[in-house]
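Notes follow the structure.
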Amino acid sequence: MNRVQKQVLLVTIAIIAVSFLLWIAYGGEIFTKYKMLVETQSELDKQLGITNKEWVDTFIWGLDYTLIITGITVVAGGIMMFLKRDKQTS
Amino acid sequence: MRFIFSVLFFALMTFSLSAQGFNNGVSGEKTFTFFDKAGRNQATFFSTTPLEDINGTANGIDGTVSFDVTNIAKTIKGHVKVEVNSMQTGIDLRDSHLKSPNWLDAETHPEIRFELTGMKDVKSEADNKISGTATGNFTLHGVTKEISVPVTFIYLKESEDTKKRAPGDLLGVNSKFNVKLSDYGVQNDIIGNKVAENIEVTFNVVGTVK
């Protein structure tokens with residue numbers, strides 16, 4: 001493995017690691033979500049004995065995105081490593 | 001002795017009658033509507049799959065309930081309906097699958113309906129709060145079954161606070177019950193996941209006086 005291939009490998013591993021760290025940081029959800037349910041209860045709601053839930057726009061990084069990025073990175077890294085291989089001259 | 005028994009009997013009758021309804025100084029027949037232009041009334045549902053939990057909401061709620069305030073058990077009637085198309089789970093693809101012919105089939109069965117026929121085990125928990133078991137016909141996916149669900153009613157007389165939501169008296173209705181999907185002919189596969197057989201449904205609605 002030459003110097004360029006090592007750099008490609010390191011970058012590939014770093015991208016995959018960051019992707020998994022992001023996934024864990026976002027709560028380890030299986031599917032990526034763009035909305036989250038938030039419970040709300042006003043003073044009047046309390047008197048009426050009810051609780052409401054509303055959708056709030058938010059982004060939650062899921063395992064699906066993590067796996068897609070991992071796949072793309074592995075394929076791209078593999079191609080780069082193949083292209084940057086030492087060509088033997090006979 | 002006969003006098004004491006008469007007084008005791010009268011007191012017992014008075015207590016048992018008041019326990020059948022609200023004791024908040026309001027009397028007579030009242031009708032409440034659950035339609036809320038702002039869409040604040042909602043039913044929420046919760047289920048699980050092997051991969052994740054599913055939380056959802058439905059805000060397309062309409063219906064009415066009417067009763068004699070002091071004798072709810074014997075006079076209550078009404079209905080609540082939920083628009084299937086108003087259901088949301090937070091993932092658009094899952095929402096469209098939920099409404100598709102394979103699941104709730106929103107096109108053929110656009111609403112889920114509960115036709116209230118009576119109420120039993122009515123208990124007065126406060127002057128303006130009663131709980132009991134509502135009985136009625138629940139229709140989902142075109143299949144109707146008689147069910148009994150626990151329900152709590154809280155009656156608020158019109159005040160400056162209640163006017164912020166709507167004019168007139170308000171009725172808070174809360175109920176939580178399980179729906180078994182196979183009872184209503186609903187397949188429980190959703191985007192490759194097996195959804196739990198029982199869906200937990202919670203109703204949080206406020207009725208405004210008609």
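The values are calculated or read from the model by the stated rules, or taken from the named source; none is laboratory data. All figures in this text were calculated on a predicted structure; none of them were measured in a lab. Heads up, the Cβs are rebuilt from the backbone with ideal geometry, glycines too, and the neighbour counts pull from every protein chain shown. When the accessible area is computed, the model is the full protein with side chains, heavy atoms only, and any ligands, DNA or RNA have been set aside. Shrake-Rupley method; radii C 1.70, N 1.55, O 1.52, S 1.80 Å.
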| query | Carbon-plus-sulfur fraction of the accessible area of chain B, 1.4 Å probe, in percent? | reply | 54 percent
| note | The whole-number value in µm²/s of the Stokes-Einstein translational diffusion coefficient for chain B, with Rh from the Kirkwood sum over alpha carbon pairs at 37 °C and 0.692 mPa s, is 176 µm²/s
| field | Karplus (6.51, -1.76, 1.60) ³J(HN,Hα), θ = phi - 60°, over the stretch A:65-76, in Hz, Gly and Pro reported as x | value | 5, 4, 5, 5, 5, 4, x, 4, 5, 5, 5, 5
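Out of all DSSP beta bridges with both ends in the stretch A:3-83, state the antiparallel percent to the nearest 5. Don't skip to the answer; put the middle values down first.
Details: 7 of 8 bridges.
Around 90 percent antiparallel, to the nearest 5.
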| request: Note the buried accessible area between B and A here, summed over both chains, with a 1.4 Å probe, in Å² to the nearest 100. | output: 1800 Å²
| query | Leaving out same-chain residues fewer than 8 places away, which lysines sit with a Cα under 16 Å from that of B:LYS194? | reply | B:LYS180
| remark: Counting only backbone N atoms under 20 Å from a point 7 Å out along Cα-to-Cβ of B:GLU29, the residues of the stretch B:70-87 in range are B:70-80
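Need one number: convex hull volume per residue for the stretch B:37-87, Cα atoms only, in Å³.
Dividing the Cα hull volume of the stretch B:37-87 by its residues yields 118 Å³.
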| In chain A, lysine pairs with alpha-carbon atoms under 24 angstrom apart (chain gap of 8 or more, or interchain) | 4
| remark: Ignoring ligands and nucleic acids, B:GLU146 exposes an accessible area, probe 1.4 Å, in Å² to the nearest 10, of 140 Å²
| Leading residue at positive end of dipole, chain A (Cβ point charges), from A:ASN52, A:THR73, A:THR32 | A:THR73
| message | List the GluC sites (Glu not before Pro) within the stretch B:62-137 that DSSP assigns to loop and that have no more than 13 neighbouring Cβ atoms inside 10 Å. | response | B:GLU107
| Evaluated over the stretch B:133-180, the Cα radius of gyration and Dmax, each in Å | 15.1, 43
| said: Per residue, how much accessible surface does the protein assembly as shown expose to a 1.4 Å probe? Answer in Å², no decimals. | reply: 56 Å²
| said: Report the gain in length on full extension from B:LYS123 to B:GLU158: 0.36 nm times residue separation, minus Cα-Cα distance, nm rounded to one decimal. | reply: 10.3 nm
| Out of B:GLY39, B:GLY168, B:GLY28, any idea which swings most in a Gaussian network model of chain B, alpha carbons joined below 10 Å? | B:GLY28
| note | The answer for the net charge of residues other than B:LYS157 whose Cβ lies under 15 angstrom from its Cβ, with Lys and Arg +1 and Asp and Glu -1, is 0
| request: Calculate how steeply helix B:2-18 sits against the longest principal axis of the alpha-carbon atoms of chain B, using the helix alpha-carbon long axis, and give the answer as 0 to 90 degrees to the nearest 10. | output: 30 degrees
| query | Do any residues of the stretch B:20-59 lose at least 10 Å² of accessible area when the full set of protein chains is present rather than just their chain alone, and if so which, with a 1.4 Å probe? | reply | B:ARG40, B:GLN42, B:THR44, B:LEU51, B:GLU52, B:ASN55, B:THR57
| Can you give the Rg to Rh ratio of the protein assembly as shown, both from alpha-carbon atoms, with Rh computed by the Kirkwood formula? | 1.21
| remark: Rh (Kirkwood, all Cα-Cα pairs) for chain A, Å, reads 16.4 Å
